[in-house]
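Enquirer: Okay, here's the structure, questions in a sec.
The values are calculated or read from the model by the stated rules, or taken from the named source; none is laboratory data. Everything numeric in this text was worked out from a predicted model, so none of it was measured. Reconstructed Cβ throughout: ideal geometry from the backbone, glycine too, with neighbour counts over all protein chains shown. Only protein heavy atoms, including side chains, enter the accessible area calculation; ligands, DNA and RNA are left aside. Shrake-Rupley method; radii C 1.70, N 1.55, O 1.52, S 1.80 Å.
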Amino acid sequence: MEKITINYYLYFLGFLFFAFGASLMLKRGLLATRLLGLQFLQLGIQLYCSYYIQLPIILEHPHYFRVISPLFYLIGPLSYLFQHFLLYPERKFKKIYFLHFLPFAIHFLEFIPLYFSSESAKIAEINEVIQEGTFNTSFSQYGLIPMKIHLYLKGISYISYMVWTAFELFRYYQSVSKSFLLKNRLIVFWLTGDLLLKIFVLACHIAFNIIYKDQVQTMARDFLYAGEFAIMALFLFLNPRLLDGPYLKGLVFQHSHREIQVKNDDLVVFDSDKSRINVKNKSILEKLDRYFESEFIFLKSNISLNLVAQSLKIKPRLIRIALQEELDFSFTDYVNSWRIQYAEEQCRDNPRWKSYKIEVIATESGFGTRQSFNAAVKKLKGESPGQYFARYMN
């Protein structure tokens, strides 16, 4: 009775997580927000159903039997995809990403005969589980794969996705500058902390499996998962801006307008209507900035306006107009500004770059030739590359 009473709290906690997940699903913004919402929806359903699969309640509600088992195949993919699209918000969800959910779909489909079976058939299956003393039975007339095998497959899936998530997070931290990480230290703390929590939950779950042989009771596991997501939700509630993704690092767009504003404030009283940024242009430039920021597309020497426009699904003419009206930049100037900015950051933060010759800096930052590098730096910075980058090489 005590275990049932404790699980009653999980029952209501499931409703709270489900409601929170639904609110995130309805929230406008990044794809990552909806993926996080799916995680909370999945956990809410899991906690709600967990109450009914406890003994002896499961004998009174046999239709909940095996309902949450396929959901465990969603934990790893949803966690990874959430982080992926939070760090790279301009990437599109491709059809190939549905392969992440293939194990869930297969596991769900193999249990359809059980889900549509009679109540008496489900109770007979539950009695077999009780007799074996574990949900992860070795033999069953339902399912293509024994539940004991699914236990190992779920564990492998979870660990694999956790390693993949950690690797991508580490690679992302390596690819950006120290100043960028400092500017986004809150989101760095959030993602890194959540990853460490997942490792802790996994370690505890493995320990419980080793110590406690009775696998029918899943209360400890549910409390661990609920605790992890409760901390995640609390941190998000206190810092809602996290769902906007990382702050962009030293954007050309932001810097240019900041400089223009200072000049106007210092020199003349300007017309506020003229100084206001066109909303449509701002939206285009923000997408353009974030695409360059997250994909480092400017490092490709064969970059073109048509290729960028195709990736962003924006007409080239609209990009050209936005750059010209708001920044007084051509597309070439915009690309070269990102390349020069990248070279500045690398020369300042990367010790290896401090020994590079100008020719190497040019090629490593996306310029095809030394001549184009010289011309771009001279045009945009008013100095030769040697003069300009000398200040970053010390």
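Enquirer: Binning every alpha carbon pair distance of the range 90-146 at 10 Å from zero, what are the percents per bin?
Expert: 20, 39, 21, 13, 7, 0
Enquirer: Then there's this: Can you order the peptides 111-120, 36-45 by their average number of other Cβ atoms within 10 Å per residue, highest first?
Expert: 36-45, 111-120
Enquirer: To the nearest 10 square angstrom, how much accessible area does V188 have with a 1.4 angstrom probe?
Expert: Looks like 30 Å² after rounding.
Enquirer: Let me ask something else about it. Cα axis of helix 331-349 to longest principal axis of the chain: angle in degrees, 0 to 90, nearest 10?
Expert: 80
Enquirer: If each of K354 and L99 carries a label point 7 Å out from its Cα toward its Cβ, how far apart are those two points in nm?
Expert: About 4.4 nm, to one decimal.
Enquirer: Give the Kirkwood hydrodynamic radius (Å, one decimal) of the range 85-223, defined as one over the mean of 1/r across all pairs of different Cα atoms.
Expert: 18.4
Enquirer: Amide H to amide H under 5 Å from N350: which residues, 5+ apart in sequence or cross-chain, H placed 1.01 Å off N in plane?
Expert: Amide H neighbours of N350: none.
Enquirer: Grab the other residues whose beta carbon is less than 12 angstrom from that of D244, score K and R as +1, D and E as -1, and report the net.
Expert: Values: positive: K27, R28, R241, R290; negative: E286.
My count for the surroundings of D244 gives +3.
Enquirer: Given the -39500 (n - 2.57) contribution per DSSP H run of 4+ residues, what per-residue ellipticity at 222 nm results for the chain, rounded to the nearest 500 deg cm²/dmol?
Expert: Taking each H run of at least 4 residues, the total per residue is -22000 deg cm²/dmol.
Enquirer: Give the angle, between 0 and 90 degrees and rounded to the nearest 10, that separates the Cα long axis of helix 31-52 from the longest principal axis of the Cα atoms of the chain.
Expert: Its long axis makes an angle of about 10 degrees.
Enquirer: Once R0 is set to 45 Å, what does the formula 1/(1 + (r/R0)^6) return for the Cβ-Cβ distance between T363 and E286, expressed as a FRET efficiency to the nearest 0.05?
Expert: 0.95
Enquirer: Shifting gears a bit: Accessible area per residue for the chain in Å², computed with a 1.4 Å probe and the full protein assembly in place, what is it?
Expert: 54
Enquirer: While we're here: In the Gaussian network model of the chain, springs joining C-alpha atoms below 10 Å, which of L35, L99, L312 carries the largest mean-square fluctuation?
Expert: For the chain, modelled as a Gaussian network with Cα springs under 10 Å, the answer is L99.
Enquirer: Report the semi-axes of the equivalent ellipsoid for the range 268-394 in whole Å, largest first, where each axis is √(5λ) for an eigenvalue λ of the Cα gyration tensor.
Expert: After scaling each eigenvalue by five and taking roots: 28, 18, 13 Å.
Enquirer: For the chain, what percent of Cα pairs sit more than 29 Å apart?
Expert: 55
Enquirer: For the range 125-185 and the range 51-65, write down the distance between their C-alpha centroids in whole Å.
Expert: After rounding, the separation between the Cα centres reads 25 Å.
Enquirer: Still on this model: How far is helix 72-87 tilted, in degrees, relative to the longest principal axis of the Cα atoms in the chain, given as a value from 0 to 90 rounded to the nearest 10?
Expert: Compared with the principal axis, the helix lies near 10 degrees.
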